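To keep things clear, I will list the structure first and then write my remarks on it.
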Amino acid sequence: MLINKRHNLKKIRKYILLVLIFCVIAQSLFFDTVNTLSAILIAFTSYLVILFVFRSNIFPKAMFASFVVLSFNISILSGPLIFQTILFTSVINNLQVPLVTFFLSSLFQISILVALLIYVRTKLLTIASKKLNFYLKKLGVMLVPSKLQLWIMGIIGLSVTFYYATLSATGGVEYGDVGNKFLFGLKFLTYAPFLILFRNQMSEKKYKLKRMDFILLSIYFTILLIGAIGLNSRGTFAEAILIIVVLTVLFILVKQIRIQEIKKRLIIIILLMGFLQPILSDLAIAMVLARADRGKVSPTELLVKTIEIYQNKKQIEDRIKKDRVNKVILSTNNYNEYYIDNTFLSRFLNIKFFDNMFALDSTISGKNSKQILDITNKKILATFPTPILKIFDINIHKDDLSFSMGDYMLYLEAKTYLGGFKVGSTSAHIFAIFGWFSYIIVIIVFFILFTLIESLTTKKDGVIMVSPILMLMILPLYYLASGDSFVNIISFMLRTLPQNIFIYLMIFYIVYFITKIFKRFLK
């Protein structure tokens, strides 16, 4: 299926501009000057991103690199502006230093946009991606798995996800536990069956979807949802929705999925999203309320309790009011997580975490830069498996690093305890170490990242073919630029990406040979 070179990216830019202008006007009419300035800054930066990304010589050439750039924008800039406007709420709601946060986040956004433009326009980098793709293709990363292979991989991943959720409730995986760490690495295969919907985007060959495929996937999602409730793991079912929605949108944008062909399916998805959004939001709160019993009662009992709480709307409303008060007034050292009155949407908007970190004096002054750099180096080394660290005689005690970067930056500022895993900010983390020079580092790191990501795609005669491995990593890619720390980005390049490639190929070939032997046996 060829990419239409005249696809209407210009219209998309126009529609997004109109939405941003509407949001700025609405925010200006009903809220104060600081709010208005913040809205203008967000709209300006967001449109700058849209203006450069949604071009025929950018987006189709680096679709997943573009997705990383757009994800940061949705999570930190345009997302807060648009969704808070829809909810008739100020875009600076409960932010301590909104102008500082949005200004420095805008500089971070522009830096990764520059990295994208450098990647697309530098032949050396695009050639590097193609060369990597050439070798990875020989290993089999671009092979299209059969439906049976995807189902078997999904069942393996689902079993591990439920096992690990049970393990987490009873203490989690200890450092050095190689067996359980390996099993944990299989979790991302949980969503493999949903890739049945996107096999046409893995190669030039066209595959037909049958009615039974949709029935089986609906049953699988239901099992995923019930299991997630029973094990009190909200992210488990949310990731399945995100993979389907994001991949569908991305392939529509490059005309590899035509709206006319999936019109009925798209209408059903939009209606379901509108219908399910408030349900999922209340369900997420119910799961939080039931969390106190995780590990104490059986999954079945936890499932029943969660449903009972979900049906008690007054209990859910009371929790929302209590959270709002606790997160704003009773928070320790001004760190709080409340920003938007929607539990489901709050999972995709990380602006409040960025604000928490930029509100720390040490982030701007850089007075704790040496300590933060030291712990950053240790955390980067700790991303490597313990056996590898032992080979090179690197003495890192991973137990001593069991805290987030948000924890550590707050600890240095206010002497709070470590281990609460408070979410930090990629932008604030790198700025606290290198100050204004950090944006040069961001550009360098991100164009290397984009080179690696795009090596899992192939472009041939106007057709974009995507490795199933990359499709399965949509959620990590979404949070990559807007996560807890810059360590996450380095860790993704050094460990997560190569590890997922290795695990996927290993399971792919094991399943391939087992099914081949089984078919021969049946004959």
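General remarks:
- Sequentially through segment 393-401, phi angles give Karplus couplings (6.51, -1.76, 1.60; θ = phi - 60°) of 6, 9, 9, 10, 8, 5, 4, 6, 10 Hz, Gly and Pro residues having no value and appearing as x.
- Spacing of the modelled spin labels on Arg121 and Lys378, each 7 Å from Cα toward Cβ, amounts to 4.2 nm.
- Most to least packed among 112-122, 386-396 [average Cβ atoms within 10 Å]: 112-122, 386-396
- Packing here is the average count of other Cβ atoms within 10 Å per residue, and on that basis the peptides 414-421, 459-466, 475-482, highest first, run 475-482, 459-466, 414-421.
- R0 of 22 Å, Cβ-Cβ distance Thr222-Phe182: FRET efficiency to nearest 0.05: 0.15
- In order through segment 444-460: 3J(HN,Hα) via Karplus (6.51 cos²θ - 1.76 cosθ + 1.60), integer Hz, x for Gly, Pro: 5, 5, 6, 6, 5, 4, 5, 4, 5, 4, 6, 5, 9, 10, 10, 10, 9
- In order along segment 214-222, the Karplus-derived 3J(HN,Hα) couplings, from 6.51 cos²θ - 1.76 cosθ + 1.60 at θ = phi - 60°, round to 5, 5, 5, 5, 5, 5, 5, 5, 4 Hz, and Gly and Pro are given as x.
Bear in mind that the values in this text are calculations on the coordinates, not laboratory data. All values reported here derive from a predicted model rather than from experimental measurement. So basically every Cβ, Gly included, is an ideal-geometry build from the backbone, and we count neighbours across all protein chains shown.
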